[in-house]
Amino acid sequence: MRYNTSEVFFMIKMLIPDYYYKSIYDIPLEELYEKGIRLILTDLDNTLISYGKTDPSEELFEFKKKILDLGFEFILVSNSRKKRVDHFAELYQIPYVKFSTKPLKRGILKAIKKVAKGEYKRDEILLLGDQLMTDVLGGKRCKIQVCLIEPIDKRTDILSTRINRGIESFFLRRIKKKRREEYDLYLKEFAGEKDD
């Protein structure tokens, strides 16, 4: 895979998240609410549950309750078109968009403009996801904030996600070289590097 210099520079900028946490349970929800976030969009696979699971856990139900109790709106935005998305969303009782085609804008904008009950400015929206090439890039293309989450279990990744992770590694190396401060802040741990 070859990228020219201008493409790499543009992609580097678009692949840096606004936040990074090891898990959704580490996200400081109260702090985000104070900062003005009102709509949380979330990826499904390896963000909320691994590819190897189908049902939400009790802990996940508690996470959703906390989100809603704080006053956020919460919507699932998944690239999968499989029945497991319908199954999960029905059990979890969450509005959703499946086959969202991230990093394309279509599915994210559908969630914001058609599925969301409220009307939100772009700086009031946060997308949670575990992939640079779909979630972070898709959120940045829609001009919303993005929170990168450590994948729950990479061993369960499907083929397309494994391919994306290979591309991800290419860009992580370049972000480290060109934007070291942001890399250390948001991507070093995600890339599997330990502090010196």
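The values are calculated or read from the model by the stated rules, or taken from the named source; none is laboratory data. None of the values given here were measured: they were computed from a predicted structure. Using ideal geometry, Cβ is built from the backbone for each residue, glycine included, and neighbour counts are taken over all protein chains shown. To get the accessible areas, we keep the full protein, side chains included, count just its heavy atoms, and leave off ligands, DNA and RNA. Shrake-Rupley method; radii C 1.70, N 1.55, O 1.52, S 1.80 Å.
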Long-range amide H contacts for Q145: which residues qualify at under 5 Å (H placed 1.01 Å from N, peptide plane, sequence gap of 5 or more or a different chain)? I125, L127
Only Lys, Arg (+1) and Asp, Glu (-1) charged, at Cβ; the chain dipole about Cα centre in debye: 1280 debye
Dipole check, the chain, charges on Cβ (K,R +1; D,E -1), about Cα centroid: among L126, Y186, G138 the Cα furthest to the positive pole belongs to G138
With only helices counted (DSSP H, runs n ≥ 4, each -39500 (n - 2.57)), the per-residue ellipticity at 222 nm for the chain, to the nearest 500, works out to -10500 deg cm²/dmol
Candidates per trypsin sites (Lys or Arg not before Pro) in the stretch 143-196, loop by DSSP, up to 12 other Cβ within 10 Å: K143, K194
How high is the relative contact order of the chain? Use alpha-carbon pairs under 8 Å, at least six apart in sequence, and give a whole percent. 28 percent
Among I12, I37, I24, the residue whose Cα sits farthest towards the positive end of the charge dipole of the stretch 8-51 (+1 at Cβ of Lys and Arg, -1 at Cβ of Asp and Glu, taken about the Cα centre) is I12
Integer Hz, Karplus 6.51/-1.76/1.60 couplings in order for the stretch 43-50, x for Gly and Pro: 6, 9, 5, 6, 10, 8, 9, 6
Accessible area of M14, 1.4 Å probe, to the nearest 10 Å²? 30 Å²
Semi-axes (Å, rounded, descending) of the ellipsoid equivalent to the stretch 61-141 per its C-alpha gyration tensor are 19, 17, 12
What is the Cα coordinate range of the stretch 97-196 on the first, second and third principal axes, sorted by size from largest, in whole angstrom? 46, 31, 20
Could you give me the ³J(HN,Hα) list for the stretch 113-123, computed from phi with Karplus coefficients 6.51, -1.76, 1.60 and θ = phi - 60°, whole Hz, x at Gly and Pro? 8, 10, 8, 4, 6, x, 10, 10, 6, 4, 7
Tell me, what is the per residue accessible area of the chain in Å², probe radius 1.4 Å? 54 Å²
Pop a pseudo-label 7 angstrom from the Cα along the beta-carbon direction at both K178 and R162 and give the gap in nm to one decimal. 2.9 nm
Per residue and in cubic angstrom, what volume does the convex hull of the Cα atoms of the chain have? 123 Å³
Loop-resident sites, the stretch 30-129, for chymotrypsin sites (Phe, Trp or Tyr not before Pro), counting at most 13 other Cβ within 10 Å (DSSP): F99
